[in-house]
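Report on the following structure.
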């Protein structure tokens with residue numbers, strides 16, 4: 001049902017959910033303990049075959065191999081919805097540049113009509129940008145996004161069960177129009193960077209993150225004993241808890257700080273990250289935990305430099321404005337103090 005990874009991050013097998021009552025109960029108990037104590041784990045048995053995993057990685061590499069001018073034509077700064085390409089050194093985490101180039105997409109939805117009374121986060125919804133010279137990218141990434149949404153929803157309902165809630169307790173927050181955020185990422189080797197910060201220490205903001213890694217390590221997780229590596233395990237995803245799930249559980253579940261170190265000189269790292277969050281106009285529900293769990297809920301972590309809001313849209317916008325100041329200047333100049 002679960003086993004230790006080389007560095008003692010648990011490995012959970014999602015097939016255990018359908019393996020009979022006893023094994024399902026054991027999986028749920030392990031999921032609850034892992035999410036509370038560590039906040040990170042490997043996931044196998046997710047139902048996606050190796051050919052599908054390979055296809056998305058191959059297509060991502062094809063995108064990063066495009067001429068620089070073609071990638072820059074899709075720069076995120078052209079999109080008020082924070083979709084598109086970001087060159088290495090352009091995204092910011094905790095006031096420092098992240099040395100990774102990336103391409104961000106979300107759900108393909110039309111932009112919401114502009115209105116004077118619309119909340120500023122309404123500008124986050126809108127279409128993606130796509131390269132004309134790589135037509136395969138759109139169906140592959142949107143198909144991957146849909147597949148990972150399905151896996152994430154199965155997991156989120158398992159978390160509801162782990163917290164002794166109705167399985168559909170989160171459905172109102174995500175079923176109709178969840179935040180689906182997919183990011184393909186290339187980390188260049190140290191000879192091409194100004195520091196070893198592939199991406200700086202941070203927590204993710206949504207419900208869940210599912211990360212597909214290639215064979216090159218670099219992901220590190222902060223624990224009470226210090227930073228530990230989370231090396232690639234073939235055929236698995238790394239799953240971690242986001243701040244929305246920490247908020248919903250009043251801190252019973254843990255959103256864990258993590259980072260990525262740049263690869264050694266002469267190497268590069270490719271990863272594909274999927275983030276599932278509640279819909280933009282939702283509020284994160286504060287669950288009524290049973291007494292035994294409520295007594296162990298410590299409240300969500302507080303960080304004066306990163307205040308959290310139960311209003312999903314404001315949380316999402318805050319993070320985007322901080323990470324992409326060029327987009328903020330062009331499309332959100334009226335919110336100069338919001339970041």
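The values are calculated or read from the model by the stated rules, or taken from the named source; none is laboratory data. Everything numeric here is computed off the predicted structure, so don't read it as measured data. Here the Cβ positions follow ideal geometry from the backbone for every residue, glycine too, while neighbour counts run over all protein chains shown.
Of the residues making up segment 13-42, those that are surrounded by 21 or more Cβ atoms within 10 Å (Cβ to Cβ) and touching a residue at least 40 places away in the same chain (Cβ under 8 Å) are 27, 31, 35, 39, 40, 41, 42. Looking only at residues of segment 126-138 that are more than 20 Å from the chain's Cα centre (by Cα) and farther than 23 Å from residue 112 by Cα, we find that the one that is surrounded by the fewest Cβ atoms within 10 Å (Cβ to Cβ) is 132. Scanning segment 283-297 for residues that are surrounded by 15 or more Cβ atoms within 10 Å (Cβ to Cβ), in contact with a helix residue (DSSP H, G or I) (Cβ under 9 Å, 6 or more places away or on another chain) and in a loop (DSSP other than H, G, I, E, B) yields 284, 285, 287.
Could you please let me know if residue 12 is at pLDDT 95 or above, in a helix (DSSP H, G or I) and within 22 Å of the chain's Cα centre (by Cα)? Considered against the rule, which asks whether it is at pLDDT 95 or above, in a helix (DSSP H, G or I) and within 22 Å of the chain's Cα centre (by Cα), residue 12 comes out as no. Scan segment 150-178 for residues that are over 17 Å from residue 28 (Cβ atoms) and not in a helix (DSSP H, G or I) and jot them down. Within segment 150-178, 175, 176, 177, 178 meet the criteria. Here residue 194 fulfils each of the conditions (1) in contact with a helix residue (DSSP H, G or I) (Cβ under 7 Å, 6 or more places away or on another chain); (2) touching a residue at least 60 places away in the same chain (Cβ under 8 Å); (3) not in a strand (DSSP E or B) apart from (1). Of all residues in segment 183-231, which are on the phi > 0 side of the Ramachandran plot, buried (at least 19 other Cβ atoms within 10 Å of the Cβ) and more than 18 Å from the chain's Cα centre (by Cα)? Answer for segment 183-231, where residues must be on the phi > 0 side of the Ramachandran plot, buried (at least 19 other Cβ atoms within 10 Å of the Cβ) and more than 18 Å from the chain's Cα centre (by Cα): there is none. Among the residues making up segment 233-282, those that are farther than 23 Å from residue 158 by Cα, within 17 Å of the chain's Cα centre (by Cα) and surrounded by fewer than 22 Cβ atoms within 10 Å (Cβ to Cβ) are 259, 270. Specify which of the listed residues (32, 24) is within 22 Å of residue 224 (Cα to Cα), modelled with pLDDT of 95 or more and part of a helix (DSSP H, G or I). The match here is 32.
To keep it simple, each residue is scored yes or no on (1) within 30 Å of residue 64 (Cβ to Cβ); (2) at pLDDT below 85.
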| residue | (1), (2) |
| --- | --- |
| 243 | yes, no |
| 252 | no, no |
| 266 | yes, no |
| 276 | yes, no |
| 284 | no, yes |
| 317 | yes, no |
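Among the residues of segment 80-125, those identified as at positive phi and either touching a residue at least 24 places away in the same chain (Cβ under 8 Å) or touching a strand residue (DSSP E or B) at 6+ places or on another chain (Cβ under 7 Å) (or both) are 82, 84, 89, 94. If you go through segment 40-53, how many residues are over 20 Å from the mean Cα position of the chain (by Cα) and outside any loop (DSSP other than H, G, I, E, B)? So the count comes out to 2.
Taking the criterion of being touching a residue at least 40 places away in the same chain (Cβ under 8 Å) and under 21 Å from residue 188 (Cα atoms), the residues of segment 215-232 that qualify are 216, 217, 218, 219, 220, 221, 229, 230, 231.
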